[in-house]
Every structure is written in C-alpha cells, then in structure tokens.
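Data block below; observations after.
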Amino acid sequence: MLLHLVRHGRTASNVAGLLDTAHPGAPLDRVGRAQAAALVGRLDGVRVDAVYSSDIVRAVQTGTPLAQVRELLLTTLPGLREIPAGDLEMLDDWRPYIDVLRAWGEGEPGRRRPGGEDAFAFFDRFDAAVAAIMAGGHGHALLVSHGAALRTWLSGRVAGLTPLEVAHRHLGNTAIVTIVGEPDDWRLVSWDDGVTGDTPHSVPPARPDADARH
C-alpha cells in the first residue's frame, strides 16, 4: 500500500504558537484555506483512491478540497488526532509538552501530561486508524493529521527514519510524507516539506524502540 500522510493547513493557533490540540480545534485561516486548495494541484497526477483525516476541524478542512475534486468521500478517524496537550491546552509554552515527547524517545513511554496520553495510548489509536485505512482495500490512500502525531508515528513505524532525522526535517503546513508497505514494514518514499517558515516550534519524535512500539 502507498500512503500519503499530510499535515493540516495553517491556523491562527499556529501563527500564535498555541498548543491547540483538542477537538474541535481552530479552523484554517485564510492562508490555510489557500494551502488546502493548493494541495489539489500539488497532487495533480498522483493516484489517490481514498481520503481520510482526523476529526479535528483543520484536518477535515485540509482534506476536503482534494476529496471533492477527486469525487471521493472524506472519512474522519478520531485515531488520527493530535497528541493532546492536556493541562497545557491553548498555552504558548511548548517546553513541558516537548519534554514528554522527548521522554518517550528516551525510554519513558509511560510519561504523560495531566489530561494527556502516554506513548502506548498514542501508538495504539494511531496504528488502529492506519489499520482501518488498510482494511478499506485501497492501493493508494491519503490521510491528514497533525505535526506532533505525524512526527512521532513516522519515527516509530517507518524503517530508516531515526528520531534525530525526523526531528531535523521540516514538516510545514500541508507537508506530504509518502510511505509504502504494511504494518511492521513501512518504508519512506518521499518527504515534501510543505510550506516553510509557517510554524515556530519543532517537536521531537518518540524513538522507535520496543517500548514505544507496544
């Protein structure tokens, strides 16, 4: 299976540097709507059999133009949501949030913020969402998710993508990461950075070790 993983378009919360992780979340701003529309052209000629997104508003809005042009149903999967900030929701200090994700990569998958989730819960629900996509029998599918969730899942599930490498790659709004394979055998095909300079924060991923894989 070929799977395109897309980060959502820009929101006002991105611009303000806020930890906006909860449902329903901020909608796309004017720039974000333009990014979502431009995604259609960027994927022109690329086979897409199905479009999925998290059920957070900005992800749905990002995937909708492509789904409409391709005359495909956009299916929402809560398992593709962002990693929750818990008690840090809508604050502008990312350091405690990043510290938890860094701890996952350093062998502490049980760490979590109050009201958040640990690495086991994250990988369980994101893996289940990807499994649901695969169960649809699509040869080529696209999902829209979120920055920290995508970085963490990619570093834990794609062969050859080390946490350090993922941490240093840009993942802008409407970035497209394409992988091929199946569970336990995903391989990177391409990494399109998306829009540059759009998000002021870099989120380190969890390390793909046995603990994080659960």
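The values are calculated or read from the model by the stated rules, or taken from the named source; none is laboratory data. This structure is a prediction, so every number in the text was calculated from the model and none was measured. Virtual Cβ from ideal backbone geometry, glycine too; neighbours counted across all protein chains shown. For the accessible areas, the whole protein counts, side chains as well, though only heavy atoms, and no ligand, DNA or RNA atoms are used. Shrake-Rupley method; radii C 1.70, N 1.55, O 1.52, S 1.80 Å.
For segment 40-117, which GluC sites (Glu not before Pro) pass both filters: DSSP loop (anything but H, G, I, E, B) and at most 12 other C-beta atoms within 10 Å? All intermediate terms of the calculation are to be shown ahead of the outcome.
Numbers: sites: Glu71, Glu82, Glu89, Glu106, Glu117; in loops: Glu71, Glu82, Glu89, Glu106, Glu117.
Qualifying residues, ordered by number: Glu71.
Positive end of the dipole of the chain, charges at C-beta (+1 Lys, Arg; -1 Asp, Glu), about the Cα centre: which of Ala12, Ala159, Gly181 has its Cα farthest in that direction?
With unit charges placed on the Cβ atoms, the residue in question is Ala12.
Could you order His168, His140 so the one with the most accessible surface comes first? Probe is 1.4 Å. Can you show the working numbers first?
Values: His168 145, His140 45 Å².
Per-residue accessible area, sorted high to low, gives His168, His140.
Considering only DSSP states other than H, G, I, E and B, which trypsin sites (Lys or Arg not before Pro) in segment 1-64 qualify as loop sites with at most 15 other Cβ atoms within 10 Å?
Those that pass, being in a loop and sparsely packed, are Arg47.
Which whole-number percent gives the relative contact order of the chain, counting Cα pairs below 8 Å spaced six or more residues apart?
Computed over the chain, the figure is 29 percent.
Considering only C-alpha atoms, what is the centroid distance from segment 122-141 to segment 36-97, in Å?
Each part's Cα centre sits 15 Å from the other's.
Can you give me the Kirkwood hydrodynamic radius for the chain, using every pair of distinct Cα atoms, in Å to one decimal? Provide the component values of the computation, followed by the final result.
Working: mean 1/r = 0.0593 Å⁻¹.
Averaging 1/r across every pair of different Cα atoms and inverting gives 16.9 Å.
Summing -39500 (n - 2.57) over the DSSP H runs of n ≥ 4 in the chain and dividing by its residue number, what mean residue ellipticity at 222 nm do you reach, to the nearest 500 deg cm²/dmol?
-11000 deg cm²/dmol
Under unit Cβ charges (Lys, Arg +1; Asp, Glu -1), what dipole magnitude, rounded to 20 debye, does the chain have relative to its Cα centre? Don't skip to the answer; put the middle values down first.
Numbers: 21 positive and 27 negative charges, 87 e Å.
Rounded to the nearest 20 debye, it is 420 debye.
Assuming R0 = 41 Å, what is the FRET efficiency of Ala16 and Ala132, from their Cβ-Cβ distance, to the nearest 0.05?
Taking R0 as 41 Å, the efficiency between Ala16 and Ala132 is 0.80.
Along the charge dipole of the chain, which of Phe120, Ala103, Ile133 sits closest to the positive end, that is, farthest toward it, with unit charges on the beta carbon of Lys, Arg, Asp and Glu (+1, +1, -1, -1)?
Ile133
Quick one: dipole size for segment 96-193, taken about the Cα centre, charges +1 on Lys/Arg Cβ and -1 on Asp/Glu Cβ, in debye to the nearest 20.
200
Under the 0.36 nm per residue contour assumption, what length would be gained going from the current alpha-carbon distance of Arg47 and His170 to full extension?
Gain on extension, Arg47 to His170, equals 41.8 nm.
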